[in-house]
Every structure is written in C-alpha cells, then in structure tokens.
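Contents: one structure, followed by commentary.
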Amino acid sequence: PADVEPAETVEEVVERLRREMGLDKGDKTLVSVIAGSKLENAANVELARALGRALASELGPSTVFATGGLGELQRAFADGVEGEAEGRLWHLIGGGAVASGFTKGKDLLSAANP
C-alpha cells in the first residue's frame with residue numbers, strides 16, 4: 001500500500017541511532033554494555049551495578065551509555081547509572097522486543113522497520 005513507509009536500510013538505522021542518542025553532536029564517547037540474557041553468577045549483578053555507578057560518576061557529559069535492554073546484568077548496570085547520566089542512557093531494542101522494562105534510561109528501536 002502507498003501509506004506504508006519503506007524499510008530503513010542499515011545505514012539509515014545507524015544514522016538515526018546516532019542522532020537520537022546525540023552522538024552526532026560534538027565529540028562523544030559511546031560505552032556499550034553487552035551481556036548475555038542468562039545470569040551465570042548472581043554476584044555479578046552487584047558488580048554490574050557498581051560499574052554503572054562508577055562510570056556514570058567518573059565519565060563526563062560527553063559519554064553516552066547503551067545496553068541491549070536484556071537480562072539482569074544489563075538491568076543492574078542501568079540501575080547503577082544515576083543523576084544526569086540517566087539522560088544519556090539508552091537501551092537499543094531489536095529482534096521483535098517492544099520495550100526493555102528497565103526503570104532508568106530510554107528505549108530506542110534499533111532494528112530496521114519491517
């Protein structure tokens with residue numbers, strides 16, 4: 001149908017994500033936290049939370065944080081991000097998922113339109 005938008009190319013998705021995350025404005029650093037969705041060691045949850053807290057407090061406003069919006073370790077990292085850094089925390093949602101369910105940060109659709 002004529003009212004259906006064409007699918008985004010991979011390049012268009014990358015450019016859209018860069019714009020929405022503010023990576024196209026000045027000199028920015030992206031810290032991406034990727035972890036499996038299965039938790040192997042419960043002690044790692046507090047480690048991930050502490051890592052989020054430390055990075056958010058030590059790295060300045062030119063740093064943007066991203067998770068895949070999956071699993072307990074990524075959620076714990078996000079929970080550790082505090083203060084103004086929460087506005088620079090993104091969860092890249094893809095693979096048919098609708099939302100991360102995380103309480104901090106913003107979800108951003110990272111897959112191309114079907």
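The values are calculated or read from the model by the stated rules, or taken from the named source; none is laboratory data. Predicted model only: the values in this text are computed from it and were never measured. We place every Cβ from the backbone using ideal geometry, glycine too, and count neighbours over all the protein chains shown. Heavy atoms of the whole protein, side chains included, go into the accessibility calculation; ligands, DNA and RNA do not. Shrake-Rupley method; radii C 1.70, N 1.55, O 1.52, S 1.80 Å.
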Hey, what number do you get for the chain at 222 nm if only DSSP H runs of n ≥ 4 count, each worth -39500 (n - 2.57), divided across all residues, to the nearest 500?
-> -10000 deg cm²/dmol
Could you check the simple spin-label distance between N44 and E58, using points 7 Å along Cα→Cβ, in nm with one decimal?
-> 2.0
Accessible area in square angstrom per residue, the chain, 1.4 angstrom probe | 60
Count neighbours as other Cβ atoms within 10 Å of each site's Cβ, and list the GluC sites (Glu not before Pro) in the range 1-109 that are DSSP loop with at most 13 such neighbours.
-> E40, E82
Ranking A66, L109, A99 by how far each Cα lies towards the positive end of the charge dipole of the chain (+1 on Lys and Arg Cβ, -1 on Asp and Glu Cβ), the top one is A66
Amide H contacts under 5 Å for V64, restricted to residues at least 5 apart in sequence or on another chain and with H modeled in the peptide plane, are T29, L30, V31
Mind giving me the nanometre distance, one decimal, between the label points for A111 and S37, set 7 Å out from Cα along Cα→Cβ?
-> 1.1
Quick one: helix 43-58 against the long Cα principal axis of the chain, what's the angle to the nearest 10°, folded into 0 to 90?
-> 80
For the Cα atoms of the chain, what angle does the longest principal axis make with the long axis of helix 71-80, in degrees from 0 to 90, nearest 10?
-> 70
Looking at the range 1-97, what % of the alpha carbon pairs are farther apart than 18 Å?
-> 52
Kindly identify the range 36-81 as rounded, prolate or oblate by the Cα gyration tensor criterion: order the square roots of the eigenvalues as a ≥ b ≥ c, call it rounded if a/c is under 1.5, otherwise compare a/b with b/c, prolate if a/b is larger, else oblate.
-> oblate
If one compares the long axis through the Cα atoms of helix 10-20 with the longest principal axis of the Cα atoms of the chain, the angle in degrees, nearest 10, works out at 60
Report the calculated FRET efficiency for V98 and T29 (r = Cβ-Cβ distance, R0 = 30 Å), to the nearest 0.05.
-> 0.55
Report, ordered by chain and residue number, the aspartates and glutamates lying within cross-link reach of K106, taken as a straight Cα distance under 19 Å and ignoring same-chain residues fewer than 8 apart.
-> E15, E20, D24, E72, D79, E82, E84, E86
